[in-house]
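Step one of this worksheet: look at the structure below.
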Amino acid sequence: MTVGPQSRSSCWSLGIPRVQVPRSAQALTDELTRISFNDVFSYLYLDQDEIARSTIHHLEGYRDIKRRQTFELLYGIMDTDIARIKREVATVAAARERLDADINAIRPFLERSGQPTEHELDLRDTSLTSQIAVAERELALLRRGARGSAQASEAKSRLVALEAEIGRARQRLTAARLEADGYRRVRAQLGQDLSRAVKAIVATPVFAGFEFEQCPRCLQPLTIDHPGAACRLCGQPDQQSPDVAALQSERDRIEAQMRETDELIADAGASERALDTEIETLEAQVAATREQIDRETREAVSPYVDQMASLSARLGELRGAHAALEASRRYLAEMDRLQSEREALRTRAAELEHELDAAEDAQSLALERVGDLSEIFASILDELQLPWLREAHIDVASYLPIVNGERLEGLSSGSMKALVNTAYFLAGLTYAIRGYPTLMPRFQMIDSPRVHHGANVTDRQAGERIYRWLMRLQQALNDEAAFLGGRGFQLIIADNDVPSFVRGLHTKRFSREEPLLLDVPGLDDEELLEQLGRDDDRDD
């Protein structure tokens with residue numbers, strides 16, 4: 001068997017079911033923990049550090065709870081059905097505590113606030129609903145009357161006509177501005193045409209007679225002759241230059257068009273200003289008409305305002321009271337729900353207690369297994385012929401070994417504690433190999449059973465009798481004794497030496513020359529090995 005970290009299925013591989021148990025043995029809560037492989041392995045391995053200190057860590061509070069729960073599982077005192085019932089009992093108890101806390105918090109609040117009964121709430125609900133409906137109808141009538149009074153006014157018709165006239169005036173203004181913009185663009189184009197005409201009039205008589213003798217680009221003489229009337233520079237036919245009279249006529253035409261355009265621009269500007277004035281006048285009339293409408297509306301609606309304000313306030317109060325009533329109803333509903341849940345949990349708790357009592361009654365015979373284990377434990381100690389032994393048994397409540405009326409920590413010497421623990425573990429192995437109903441694996445490891453024995457005759461003889469007991473167990477296996485029923489087992493003892501009379505046991509000795517592990521750092525360090533030897537002597 002490999003000792004070390006195991007997967008969750010390690011207990012399953014040993015035929016032990018996965019069981020969850022309450023974390024606390026004193027108080028029932030819904031905090032659960034699982035019996036793990038390490039908990040089971042604590043019953044299979046008695047290590048040197050604990051052999052004279054505790055029985056499977058019973059001195060440690062939390063581990064002692066797991067120790068007892070693991071014992072009950074291994075020896076069939078607790079089966080999975082009982083564990084399930086106990087888990088549910090713990091869950092139900094925790095849920096009831098939470099419900100009790102909620103109920104105890106809500107009930108005083110309801111009592112202080114004068115919470116009405118469900119019947120009283122129904123009566124108030126009917127009354128408030130009726131009053132709200134009446135108030136809403138009256139308020140709707142008042143609003144319709146106010147709107148009818150406000151609508152009977154000639155000023156509103158006049159306002160509609162004025163707003164339509166303003167719209168039309170603004171459309172005409174937009175069209176006038178677009179027309180003026182068009183005239184201005186034409187005026188700008190005419191100005192450019194006039195500038196070109198003036199330049200032509202000035203340049204024609206000045207540059208008409210010039211002849212190029214040299215290329216203005218490369219500055220070479222122009223020696224190529226072009227036939228006919230052609231330009232000496234580019235070779236294209238010469239164009240007839242316009243005369244000054246024609247250019248002056250074009251100038252006069254353009255200036256006449258510009259004067260006409262300026263007149264059109266001035267007319268458009270006058271039209272814009274007239275339209276702006278008209279719009280301002282209409283807007284002033286609209287403002288005055290609106291003031292008249294507001295005044296007439298106030299005068300028409302004022303008889304209804306006070307009634308509507310009063311009725312609206314009353315309606316708000318009624319709706320607030322109805323909302324408070326619904327909140328009260330929710331409080332009652334929540335209280336009823338909590339009490340119903342608590343009653344259901346109380347009923348379920350009673351059912352679980354009945355189930356648990358029935359299961360424990362059916363399992364009461366399983367406690368006899370502790371008595372069988374106790375007899376095996378006592379017989380092993382008797383076979384060791386210990387002079388200080390008066391009485392030994394296993395306690396049916398704690399499942400701990402009791403010797404001479406004392407638990408392990410009450411015994412006076414380390415050798416006594418080591419012998420009691422060794423006998424306790426060997427009793428568990430014997431119980432399993434004799435075929436008793438148990439989940440205890442037929443495997444065990446005991447590390448240094450004689451580590452706390454002194455050099456006196458009593459301790460030495462007790463250590464020898466442990467090995468004689470082991471030899472008898474081995475011989476029973478070899479002889480296929482009937483009590484084994486063909487069942488095998490494995491028991492590993494780690495010790496510094498073996499008594500010389502031991503025969504028939506499989507032994508393996510480890511030394512520096514034949515180590516258990518190869519390539520151990522420091523194995524060739526003489527000083528380290530000497531120090532380890534001195535430490536072992538002090539431990540002995």
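Does A287 fit the bill of being in a helix (DSSP H, G or I), more than 30 Å from E179 (Cα to Cα) and at pLDDT 80 or above? The answer is yes for A287. I'd like to check something: does segment 188-208 contain any residue that is of a type in the set (A, V, I, L, M, F, W, C) and either at pLDDT 85 or above or outside any helix (DSSP H, G or I) (or both)? Yes. Within the span defined as segment 476-485, every residue fails to be surrounded by fewer than 20 Cβ atoms within 10 Å (Cβ to Cβ) and within 21 Å of S54 (Cα to Cα). The numbered conditions (1) of a type in the set (S, T, N, Q); (2) at pLDDT 75 or above; (3) crowded, with 17+ Cβ neighbours inside 10 Å are all true for T297 except (2).
For segment 345-400, residues that are part of a loop (DSSP other than H, G, I, E, B) and over 53 Å from the mean Cα position of the chain (by Cα) total 8. Scanning segment 38-66 for residues that are among the charged types (D, E, K, R) and in contact (Cβ under 8 Å) with a residue 60 or more places away in the chain yields a count of 3.
For R147, are the conditions met, namely being of a type in the set (K, R), more than 30 Å from E280 (Cα to Cα) and modelled with pLDDT under 85? Judged against the criteria, R147 is a match. Only one of the listed residues (Q220, Q239) is among the polar types (S, T, N, Q), farther than 30 Å from E179 by Cβ, exposed (fewer than 11 other Cβ atoms within 10 Å of the Cβ) and modelled with pLDDT of 80 or more. That residue is Q220. For segment 459-475, the criterion of being without any contact (Cβ under 8 Å) to a residue 60 or more places away in the chain and either within 54 Å of the chain's Cα centre (by Cα) or not assigned by TED's automatic domain parsing to the domain that holds F37 (or both) is met by none of the residues.
Within segment 421-478, the residues that satisfy the criterion of being more than 27 Å from L74 (Cβ to Cβ), of a type in the set (G, A, S) and out of contact with any Lys or Arg (no Cβ under 7 Å at 6 or more places or on another chain) are G454, A455, A462.
The values are calculated or read from the model by the stated rules, or taken from the named source; none is laboratory data. What you are looking at is a predicted structure, and each value in this text was computed from that prediction instead of being measured. Every residue, glycine among them, receives a Cβ derived from its backbone with ideal geometry; neighbour counts consider all protein chains shown.
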